[in-house]
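First comes the structure, then the notes that go with it.
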Amino acid sequence: MLTGLQVAVLGGDARQLEIIRKLTELDAKVYLVGFDQLEQSFAGAVKEKLEELPFHELDALILPVAGLQPTGEIETVFSSAHPQLTKTMLSKTPDHCLLFTGISPPVLTKLAEQAGRTLIRLFDRDDVAIYNSIPTAEGAVMMAIQHTDFTIHGSSVAVLGMGRVGMSVARTFANLGANVKLGARKSEHLARAIEMGLTPFSIDQLPQQAESLDLIINTIPSLVITSQAIAKMKPHVFIIDLASKPGGTDFQFAKKRGIKAILALGLPGIVAPKTAGQILAGVITDLMKDAAITKGE
Ligand code: NAP
């Protein structure tokens, strides 16, 4: 239980609702900032203006998964207001107060550093990344279905990258009956591909593989789908680039060659906001339980 802990949830999207639900279920006192247009109510949660929060009593602040806007504003889909988090506000919180975010843009990193508060980047965590790879893989399936006129079953699919997302995506497409080739640079990743029943290839051999492919799903946050590879692709190929901005595809060249390529970001929040919220809620509340134990010592 989180009885006695006080948490402020600052803006965000539908994922935050699962976090609020879990926090209130566990008996934390929750303040909601940027939720004035939210009709749903949660027992144990009160709507509050940012500047009226009891900062000196807060044990945690939960920011949107994207952190803060470059201007320091808190983005929220449940309000038309744009509250601004400042160093002065953060400095009022107790030393033990935790700051949760998905990723940390420079403005947030700097703010946390200046205020001397611990910033927890949830998307850096292996457990969150692996859980999130499940809705990401399902999102990739959704995109493949929406944007092609052939079945995944029997098609030739290249998955690039054997990290947390690449592994889940490759397994999901293989389970749907695709012939999955896995492009990576490390020998252990190629070995894992063989163990999974996939066909491995060295990522620098993508131009040689390109002609045989129907669908390419990239998870490598570096330019790997080059103009040389795109030049060899068949016209019906569809590229789903999942890697963080700017992706790993030469999009300009793909457009020039008439190859459909989409940078598909934030799929967990799009295809499964409830699950994506539950993933974050589980990790946040576990970390807060640990913090509660430390606080009680
Ligand atoms: P990860 O576990 O770090 O995997 C990334 C993979 O890329 C690793 O296997 C790494 O291999 C490989 N890699 C990196 N640079 C490379 C290069 N220059 N050449 C060849 N391979 C390279 O990351 P992840 O959790 O799978 O996430 C992958 C990407 O997807 C990230 O950009 C993440 O932000 C994004 N993502 C997107 C969504 C979405 O909805 N679109 C959802 C979740 C994550 P090495 O070990 O050889 O470096």
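The values are calculated or read from the model by the stated rules, or taken from the named source; none is laboratory data. No experiment lies behind these values; they were computed from the predicted model shown. All Cβ positions, glycine included, derive from the backbone under ideal geometry; neighbour counts span all protein chains shown. To get the accessible areas, we keep the full protein, side chains included, count just its heavy atoms, and leave off ligands, DNA and RNA. Shrake-Rupley method; radii C 1.70, N 1.55, O 1.52, S 1.80 Å.
Run lengths n ≥ 4 of DSSP H only: what is the helix-derived mean residue ellipticity at 222 nm for the chain, with -39500 (n - 2.57) per run over all residues, to the nearest 500?
-11500 deg cm²/dmol
Using a 1.4 Å probe, how large is the accessible area of Thr136, given in Å² and rounded to the nearest 10?
Near enough 20 Å² of accessible area.
Using a cut-off of 13 Å between alpha-carbon atoms, which aspartates and glutamates can reach Lys29, once sequence neighbours fewer than 8 places away in the same chain are excluded?
Of all the aspartates and glutamates, those that pass the test against Lys29 - Cα under 13 Å, at least 8 places apart if same chain - are Glu48, Glu57, Asp59.
Let me cross-check His96: its accessible surface, 1.4 Å probe, with only protein heavy atoms counted, in Å² to the nearest 10?
The accessible area comes out at roughly 80 Å².
For segment 1-143, what is the per residue volume of the convex hull drawn over the alpha-carbon atoms, in cubic angstrom?
Taking only Cα atoms, segment 1-143 has a hull volume of 127 Å³ per residue.
Please report, as a whole percent, how much of the solvent-accessible surface of segment 44-93 comes from carbon and sulfur atoms (probe radius 1.4 Å).
53
Quick one: which of 266-275, 163-172 comes out on top by average Cβ neighbours within 10 Å, and what's the full order, highest first?
163-172, 266-275
Please give, to one decimal in nm, the separation of the simple spin-label points placed at Asp204 and Thr86, each 7 Å out from Cα toward the Cβ.
Inter-label distance under the simple model: 5.4 nm.
Checking the table Lys110/Lys255; Lys186/Lys256; Lys245/Lys289; Lys110/Lys289; Lys47/Lys87; Lys92/Lys245 against a 29 Å threshold on Cα-Cα, which pairs fail?
Lys110/Lys255; Lys186/Lys256; Lys245/Lys289; Lys92/Lys245, as the Cα separations exceed 29 Å there.
Leaving out same-chain residues fewer than 8 places away, which lysines sit with a Cα under 16 Å from that of Lys274?
Lys22
Estimate the FRET efficiency between Leu265 and Thr3 by the formula 1/(1 + (r/R0)^6), using the beta-carbon distance for r and 41 Å for R0, to the nearest 0.05.
0.60
Rounded to the nearest Å, what's the spacing between the alpha carbon centres of segment 116-147 and segment 1-55? Just the number, please.
23
Write down the accessible area per residue of segment 221-297 in Å², having rolled a 1.4 Å probe over the full set of protein chains.
51
With the full set of protein chains in place, find how many percent of the accessible area of segment 113-198 is carbon and sulfur; take the probe as 1.4 Å.
51
Could you sort the peptides 112-120, 6-14 by per-residue average Cβ neighbour count (10 Å cutoff), highest mean leading?
Per-residue Cβ counts within 10 Å, averaged per peptide and sorted highest first, yield 6-14, 112-120.
Using unit Cβ charges (K, R positive; D, E negative) and no other charged atoms, how large, in debye to the nearest 20, is the dipole of segment 132-230 about its Cα centre?
280
Whole number please: convex hull volume per residue of the Cα set in the chain, in Å³?
149
With each label point set 7 Å from Cα along the Cα-Cβ vector, what nm distance links Val77 and Arg257?
3.5
P(r) tail for segment 151-221, what percent of Cα pairs lie past 18 Å?
I get 25 percent for the Cα pairs in segment 151-221 exceeding 18 Å.
What number does segment 77-154 give for Rg over Rh if you use C-alpha atoms and the Kirkwood radius?
Ratio value, two decimals: 1.20.
To the nearest 20 debye, what is the magnitude of the charge dipole of the chain about its Cα centre, counting +1 on the Cβ of each Lys and Arg and -1 on the Cβ of each Asp and Glu?
My answer is approximately 880 debye.
If I model segment 160-294 as equal point scatterers sitting on the Cα atoms and use the Debye formula, what is log10 I(q)/I(0) at q = 0.10, 0.15, 0.16, 0.23 Å⁻¹?
Cα-only, vacuum Debye calculation for segment 160-294: -0.39, -0.76, -0.84, -1.39.
Grab the beta carbon distance between His236 and Asn175, set R0 = 22 Å, and tell me the FRET efficiency rounded to 0.05.
0.45
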